[in-house]
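Following: one structure in structure tokens, then a few remarks.
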Amino acid sequence: MNLSRAAPKKGENFELRSDLNSEYRDRRKDAIKRVIANMTVGKDVSGLFPDVLKNMQTDDLEQKKLVYLYLMNYAKTQPELVILAVNTFVKDADDPNPLVRALAIRTMGMLRAEKIIDYLSDPLQKCLRDENPYVRKTACLCVAKLYDLKPELAIDNGFIGQLQEMVSDSNPMVVANAITALTDIHATAVLNATESSPAPLQANFIITPQVLGKLLIALGESSEWGRVALLTCLARYKAVDEKESEHICERVLPQFQHVNGSVVLAAVKVMMVHMRHLTREDLVKQIIKKMAPPLVTLVSSAPETQWVALRNINLLLQKRPDILQNEMRVFFCKYNDPPYVKLEKLDIMIRLAQEKNVDTLLSELKEYASEVDVDFVRRAIKAIGQCAIKIESSAGRCVQVLLELINTRVSYVVQEAVVVMKDIFRKYPHNYEGVIPTLCANLDELDEPEAKASLIWIIGEYAEKIDNASELLGVFVDSFLEEAYQVQLQTLTAVVKLYMKKPESAQGVVSKVLETATKDCDSPDVRDRAYIYWRLLSTDPNAAKAVILATRPPITLAQTTVPPVILEELLGEIGTLASVYHKPAETFVGRGRVGADAVHRKIEGQEDEAIREKALQTLVAGQQAENLLDFDEAVAGEDQPTGLAATTAAVVQSSAGHKVLTSANPLDDLASLFGSSSLATPTQAPAPSPMSPPASMFPSVPSAAPLSNGPAVPSKPQEDLLGLF
Amino acid sequence: MASLIAILDLKGKPLIQRTYRDDVSPSQIERFLPLALELEEDGQAVKPCFSSGGVNYMHIRHSNLYLLALSKRNTNAAEIIIFLHRLVSVLIEYFKELEEESIRDNFVIIYELLDEMMDFGYPQTTESKILQEYITQESHKLEVQASVPITVTNAVSWRSEGIRYRKNEVFLDVIESVNMLVNANGNVIRSEILGAVKMKCYLSGMPELRLGLNDKVMFETTGRTSRGKSIEMEDVKFHQCVRLSRFESDRTISFIPPDGEFELMTYRLSTPVKPLIWVEAAVESYRGSRVEYMVKVRAQFKRRSQANNVEIFVPVPEDADTPKFRASTGGVQYAPEKSAFVWKIKQLGGGREFLMRAHFGLPSVKNVDDVDRRPPIQVKFEIPYFTVSGIQVRYLKIVEKSGYQALPWVRYITQSGDEYAMRTLQEKDASIQPI
């Protein structure tokens, strides 16, 4: 920086400097353009500050804008020199041309230099009362800029009070910007508030019934972006009674017809908030009915907009599954949809699946399973399994489709289908045993741990019905040490199951697997499980039977991927990032300029129990959503260091497979058997892989443990929350 | 709310950027593409919005550019994403094409536009017609200094006062796009009509317009019986000039139009549509030697109508070579970059049916891992003087206080939407049969 400030004797900046000081107007303007061009490509032209500044006073509006632009970029680096610009700014703020007045006030607010801010008050005062609405609307936002930089200045000069008066301005655009500024100031104040210095009262934007009236009037006349601001504000308003809520809903209803999707979503948000207070069934029904068509239309917009809409629709359906019940076809994937749209559509289709449309859905899913995008294909197959579990009567057809897919012998299709079949067995243990031979025939095709683990689980579970079970499992026992941990765990359990069901044929293989697992395996999880089995088997075979062959409760498909409290909060944030991520804002927003860590620290510091609780809930929800079959698989024994166990758990996580064996109940027994009352929590903490959004809807099976264990979890959950993104 | 807006090239290098709030450092822009690539490497689809290190990245793609907005707060993502799209369309109206070069050539005006379209991260004026009134490329040629058109902040922010035309005319184009998906066994599994009413308005003064359509709901609410068919529009969206509350109460479409060209309304119908143009393809593949196609097209609409510029895209294997075509009408071209051949028919009369045959060679060795891509057959067409839905403009009333007479002209057209597709059967491997 110092280098550039020393006047160069040659080079481009030298030339520019002489041109900037040229006696010819055209030449000076051209030089300014070149300076800006250099700035655009990232060259440092801050050294030309005084020379550019000289060209600020001009009648040429374009030139003025360019100089202003330059100032905005470099004011922070040259705070002492900015002061030279003040006079021109103040003069410009009084120019007869409103465009110049607005430009001056807009730019002054952007300079963010302490020195200039002190000179801002007078012109701002004037501009807020300007006769031209264009200047007033620009001045409104300037108050918010001022507050962001120096809150006390905005408060002491009464600017905020003035903004509140401007909510009654005759011009709708001014009203909208006054509202925007007040909302922004409110948000800034809340973000910057700390224990010691709470948000100043003046910054608080309380929407009174009077303001409400103004908002509703301005709504019809505002520009599209103004409407978004007004609607966002309406969603924050606390209605005094049901009648008022009704009134708001009725007045907002026409906004569903707006062409701008963000207006539509903001209107949906207002409805979702104020509908909570409605008791009139017919009105609620009417609103819901009118909400569907505009949502469907959003699905034909540009892919990015579509995706934002789909994420929000996904949330809305969790609250009101009836909104789009007849519109499933709308969500059929187009061949050229981007992957992120396709995956989101799949998720919504499952939500909308019912008895009457499941056939159409299945043939569609089968079609997707033959596309080229591997990830999408897998998700489509997974969706078939979700259908089977959600709609009992369709399970037979789903299994049929899965079998057809297995017959394609495309490797990843077969593997995913096997994983899904395991889930179907978990739900309907006795209906589809006939499929098992086909599955076993594909044993050699499997090379992914999850698929292998799933098939092994199936073999163990139905060992008594598979003649060559010990032979099949023997293959895995032979290669035991080369397998992934989740496959090892599954093999171990399956062999023990086989031994209990058919002791005569499994004697050899069971001792071999226990031997290998306890002696040569380097995973404490596997080792511990092997020890547990071994001791169980040698001390009390009946207890072993009760534990290992216990019946598991069937899995179900959850209605929601977020806990009810958070769902309500997110519905009040429709259209925002929170609703797009399906995470409460606290989990990802920074505090003012401090950054996200402030919130992070706050949570860790256990100061705000509510936030912490919420964060934990989110985490748990995320996990629940993550794994198809998320068991409370707290196998960690008492003698295990928590940290290590946690690492392994993280390594083997996302393996629905090995969790299958260890359903919660037997584990509780196990734990008590070994006198370990501490079902160590680390297994609750595996970071949900950020890969798939809360998509699959299988809840963690019977364990209430995640929730109750929650508060005991140390700081890990917070990291995970952030890790989600 | 956006703290920063930037336009990046495909390598993630910012071509132009504008900071609106200083809570996000411009250096974060450079992190965008590496982050996106990282996500991709993890096997995830890169989503339009993601968060990293407390910064939220919201972006859209436009040809070879990324338009990126950054924010630290819980921003209204829908608003920002739509704003970015709007920015694209404004820039296109200014420069015809939006690409790296047009950005480099016009950075001054883009800065001006970014300054006007967004303030402190909040979208302001995005109507390109209004922007063009005071942000022009030839500003230095103007004798008089530009000033804010009062329209910017008017309640009627889309039309300036004092417009004059010698001849007052209005042109209405009713354009219906048909989206359709037909599965391999010939069933329509999804169809929808996306309609748009576009206007070209050459009217003086501040005219009040009222548009009457054969809208079923309107007939029902007013208790009038319609002569002929009425249609049930499922979702109607209006240009901001239309009074929404008026439409909500009695379905009247009343408005003061912007000057010149604009889209007055769009609507959607999901009533099942019979395919207007039916295409089926029989494929015979002799693995390792050749593949043969027989494509049949049938125009399933009334004889007096005719489809223009019909284009049928039939996908072929990526490694197909030496194409040979024979068509009973129109011309066929191989488009290897799309792995398809295109059958173009200039005019296809209602009720007509045509055939074409294609023959491709296939390499004798095939990579076993290659998955057969089976994109659907895509069809493009337009049928003038015809609407699938049966929508009709019943009247367009134009009232201006000077009392001039204005002529409305109406034109109807039906065309294929972005997805008019027919899925094909899994290729039958015919190599076992004797040749």
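The values are calculated or read from the model by the stated rules, or taken from the named source; none is laboratory data. What you see is a predicted model, and the numbers here were worked out from it, not measured in a lab. Cβ placement follows ideal geometry from the backbone for every residue including glycine, while neighbour counts extend to all protein chains displayed. These area figures cover heavy atoms from the full protein model, side chains too; ligands, DNA and RNA do not enter into them. Shrake-Rupley method; radii C 1.70, N 1.55, O 1.52, S 1.80 Å.
Structure data summary
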| read-out | value |
| --- | --- |
| When each of A:Lys145/A:Lys269; A:Lys285/A:Lys319; A:Lys145/B:Lys96; A:Lys269/A:Lys319 is checked by Cα-Cα distance, pairs over 23 Å | A:Lys145/A:Lys269; A:Lys145/B:Lys96 |
| Sequence-distant aspartates and glutamates (8 or more away, or on other chains) whose Cα lies within less than 14 Å of A:Lys76 | A:Asp44, A:Glu114, B:Asp22, B:Asp23 |
| Mean projected area (nm²) of the alpha-carbon convex hull when the range A:48-129 is viewed from all directions | 4.7 nm² |
| Distant alpha-carbon pairs in the range B:246-328 (separation over 16 angstrom), percent | 73 percent |
| Computed over the range A:390-429, Kirkwood Rh from alpha-carbon pairs, angstrom | 10.3 Å |
| Order by protection proxy (mean Cβ within 10 Å, highest first), peptides B:20-31, B:81-92 | B:81-92, B:20-31 |
| P(r) of the range A:259-312 over all Cα-Cα pairs, binned every 10 Å from zero, in whole percent | 23, 50, 23, 4 |
| Residue-count net charge about A:Tyr70 - beta-carbon cut-off 12 Å; Lys, Arg +1, Asp, Glu -1 | +4 |
| Inter-chain Cβ neighbour average for residues A:580-589, partner chain, 10 Å | 5 |
| Carbon + sulfur, % of accessible area of the range A:15-205 - ligands and nucleic acids excluded, 1.4 Å | 49 percent |
| At least 10 Å² of accessible area lost relative to the chain alone, listed for the range A:285-316 with a 1.4 Å probe | A:Lys290, A:Pro293, A:Pro294, A:Val296, A:Thr297, A:Ser300, A:Ala302, A:Glu304, A:Thr305, A:Trp307, A:Val308 |
| Translational diffusion coefficient (Stokes-Einstein; Kirkwood radius from C-alpha pairs) of the range A:15-205 at 4 °C, 1.567 mPa s, in µm²/s | 74 µm²/s |
| Sequence-distant aspartates and glutamates (8 or more away, or on other chains) whose Cα lies within less than 18 Å of B:Lys198 | B:Glu93, B:Glu127, B:Glu169, B:Asp173, B:Glu176, B:Glu208, B:Asp215, B:Asp235, B:Asp259, B:Glu261, B:Glu263, B:Glu382 |
| Estimated distance in nm for a label pair at B:Arg298 and B:Ser328, the labels positioned 7 Å out from Cα along Cα-to-Cβ | 1.2 nm |
| Three principal axis lengths of the range B:286-329 [C-alpha, angstrom, descending] | 46, 15, 14 |
| Taking all pairs of distinct alpha-carbon atoms in chain B, Kirkwood radius in angstrom | 25.7 Å |
| For the range A:20-59, diffusion coefficient by Stokes-Einstein and Kirkwood Rh (Cα), 25 °C, 0.890 mPa s, µm²/s | 236 µm²/s |
| Chain B - percent of accessible surface contributed by carbon and sulfur, probe 1.4 Å | 49 percent |
| Loop-located GluC sites (Glu not before Pro) in the range A:130-177 whose Cβ has at most 11 other Cβ within 10 Å (DSSP) | A:Glu131 |
| Accessible area buried between chains A and B, both sides summed, probe 1.4 Å, in Å² to nearest 100 | 8500 Å² |
| List of the range B:86-128 residues, accessible area with partners at least 40 Å² below that of the chain alone (1.4 Å probe) | B:Arg86, B:Phe107, B:Val108, B:Tyr111, B:Glu112, B:Asp115, B:Glu116, B:Asp119, B:Phe120, B:Tyr122, B:Gln124 |
| For the range A:1-135, accessible area per residue (1.4 Å probe, heavy atoms of protein chains only), Å² | 46 Å² |
| Over the range B:4-153, equivalent-ellipsoid semi-axes from the Cα gyration tensor in Å | 29, 17, 13 |
| Eligible aspartates and glutamates near A:Lys427 by straight Cα distance, threshold 16 Å, same-chain separation 8 or greater | A:Glu392, A:Glu461, A:Asp630 |
| Helical mean residue ellipticity (222 nm; -39500 (n - 2.57) per DSSP H run of 4+; nearest 500) of chain B | -5000 deg cm²/dmol |
| Long pairs among A:Lys289/B:Lys216; A:Lys289/A:Lys342; B:Lys302/B:Lys344; A:Lys43/A:Lys91; A:Lys290/B:Lys229; A:Lys65/B:Lys13, criterion Cα-Cα beyond 29 Å | A:Lys43/A:Lys91 |
| Long-range Cα-Cα pairs in the range B:305-399 (distance over 23 Å), rounded percent | 43 percent |
| Convex hull of the range A:379-483 built on C-alpha atoms - directionally averaged projected area, nm² | 6.1 nm² |
| Compactness of the range A:209-350 - radius of gyration and Dmax, Cα, Å | 15.6, 51 |
